[in-house]
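Encoded as structure tokens, the structure appears first; notes follow it.
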Amino acid sequence: MNEVENKKTILILTAQFGAGHISAAKAIKEYILEKDNNINVVIENFISASVPRINKPMVKMYENNTKYAPGLYNYYYYLKKSFDSKFDISYKIYMPKLTEYINSLNPDLIISTFPCAAACVNDFNIKNPHKKIPSITVITDVVDSLEWVFKTTDMYFVPSYEIKNRYVQKGMSPDIFRITGVPVSSKFICDKKIKSTKLRLLLMGGGRGLFDFDESFMHWLDEYLYEYKDRLDVTIVTGSNKKLYDNLTVKKPLHNIDVKGFVTNMSDLLKNYDLMLTKSGGATLFEAISSNTPIIVKNPKVGQEIENAKFIRDKGIGILYDNDEDLKDIIKSLLNNELDSRVAFMDENITYFKTTIHPEKIGDYVFELLDN
């Protein structure tokens, strides 16, 4: 038997609905390999491994629903939140080919960062009790939805103690939860920032470069900065949104704001800013927490982001706003030093919250199952 055959294999099943599920999978892989780089860690989109032809249409439908029909999306989301997952059969379309894939890979452990992937793993284990594969489910938003919960799951990584407590109140054993936060790369860790004479603000629209404010706000901010360049440093990251990048750099260029396209050093960039104006996705939220960066987010309209925003408010780690006019008032208040004490308060709250989660133990938690 060769060295490759001797390696243990961990399969991480994920999905492309937003960037958070994939980034969590990559972060977990990083923590596993830090613990033991002799493990074979395979990250796979569970739809691509089963019914690949529907992956792009499904992702497009998700993007359109969250953008154009949030009410309909939320109805379905909150229905599943309190709906016993055993009655949801939507995963069955993926099972024939996914079962073949799992059998061919023969993993020693499966980790799921998407609820439907966890449903598939549960179904596989129920139908193959003679070769049950240990499994972990990673909850990638600050939610206690039942859509993540399945009978055969051995361990859950949850974002906070409160989420663990809510699941325990629903009758689940406290022993199967590990409080890791939403997993993000260890490269984001920054316990103390180097202070600057300027306030540094980062505008981030995620990998797709989709912002909760329009270009007119960006141009307002650019003009407003003309008088405050010595006090405020602003950078916009447009991600893969090339149209927006071209608009802000060529067609109607900004003069006082640094515009970046798709970046590969997001962790380094975030460490050099005092505040981030962004969306309330789970991965983005915990990247900000890891790097000690308070965030400013618009009150969202989509289920899981609504729950994340509640968490931001309840933990006092960010500022929520309703519209562009509110946002302009926040910028003005920041420059007039009216929010200095609030920003310091948010910094303290992030520092405290980080003591309650244990992402550095992700590798240890994985090997709890793998070694047993």
**Request:** Would you work out if the stretch 289-365 is rounded, prolate or oblate? Take a ≥ b ≥ c from the square roots of the eigenvalues of the alpha-carbon gyration tensor; rounded if a/c is under 1.5, else prolate when a/b is larger than b/c, oblate otherwise.
**Result:** oblate
**Fill in**
Candidates S186, S48, S82; GNM for the chain (alpha-carbon contacts under 10 Å) flags as most fluctuating S82
**Message:** What is the distance in Å between the Cα centroid of the stretch 33-59 and that of the stretch 124-153?
**Reply:** 16 Å
**Asked** Given the protein chains as shown and a 1.4 Å probe, how many square angstrom of Y73 are accessible, to the nearest 10?
**Response** 40 Å²
**Asked** Add -39500 (n - 2.57) for each DSSP H run of 4 or more in the chain, then divide by its residues: what number comes out at 222 nm, to the nearest 500 deg cm²/dmol?
**Response** -13000 deg cm²/dmol
**Prompt:** On the accessible surface of the stretch 138-284, probed at 1.4 Å, how many percent belong to carbon and sulfur atoms?
**Reply:** 50 percent
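Using only the heavy atoms of the protein chains and a 1.4 Å probe, how would S280, S185 rank by accessible area, largest first?
Order by accessible area, largest first: S185, S280.
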**Prompt:** In the set (i) 19.4; (ii) 18.2; (iii) 28.8, which value of mean projected area of the Cα convex hull in nm² was calculated from the structure you see?
**Reply:** (i)
**Complete:** Around N299 (Cβ within 15 Å, Cβ-to-Cβ, excluding N299; K/R +1, D/E -1) the net charge comes to -4
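What number, in percent, do you get for the relative contact order of the stretch 1-123 if the mean sequence gap of Cα pairs under 8 Å and at least 6 apart is divided by its residue count?
Answer for the stretch 1-123 is 40 percent.
So how strong a dipole does the chain carry about its Cα centre when Lys and Arg Cβ are +1 and Asp and Glu Cβ are -1, to the nearest 20 debye? Each step should come with its number before you reach the end.
Numbers: 48 positive and 48 negative charges, 156 e Å.
I would put it at about 760 debye.
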**Message:** Over the chain, with a Gaussian network built from C-alpha contacts below 10 Å, which listed residue (I139, I89, I317) shows the highest mean-square fluctuation?
**Reply:** I89
**Message:** Let's see if you can work this out: charge +1 on each Lys and Arg Cβ, -1 on each Asp and Glu Cβ, no other charges. What is the dipole magnitude of the stretch 211-346 about its Cα centre, in debye to the nearest 20?
**Reply:** 360 debye
**Message:** Let me check I've understood the local charge: for S290, count other residues with C-beta under 12 angstrom from its C-beta, Lys and Arg +1, Asp and Glu -1. What total comes out?
**Reply:** 0
**Fill in**
Mean-square fluctuation maximum in Gaussian network of the chain, Cα pairs under 10 Å, restricted to S23, S90, S145, hits S90
**Prompt:** Among F114, M61, F83, which residue has its Cα positioned farthest towards the positive end of the charge dipole of the stretch 54-190, with +1 placed on the Cβ of Lys and Arg, -1 on the Cβ of Asp and Glu, and the dipole taken about the Cα centre?
**Reply:** M61
**Prompt:** How many Å² of accessible area per residue for the stretch 246-372, probe 1.4 Å?
**Reply:** 44 Å²
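The values are calculated or read from the model by the stated rules, or taken from the named source; none is laboratory data. Small disclaimer: the values here were computed from a predicted structure and weren't measured. Note that each Cβ is placed from the backbone with ideal geometry, even for glycine, and that neighbours are counted across all protein chains shown. Side chains included, ligands, DNA and RNA excluded: accessible areas come from the protein's heavy atoms. Shrake-Rupley method; radii C 1.70, N 1.55, O 1.52, S 1.80 Å.
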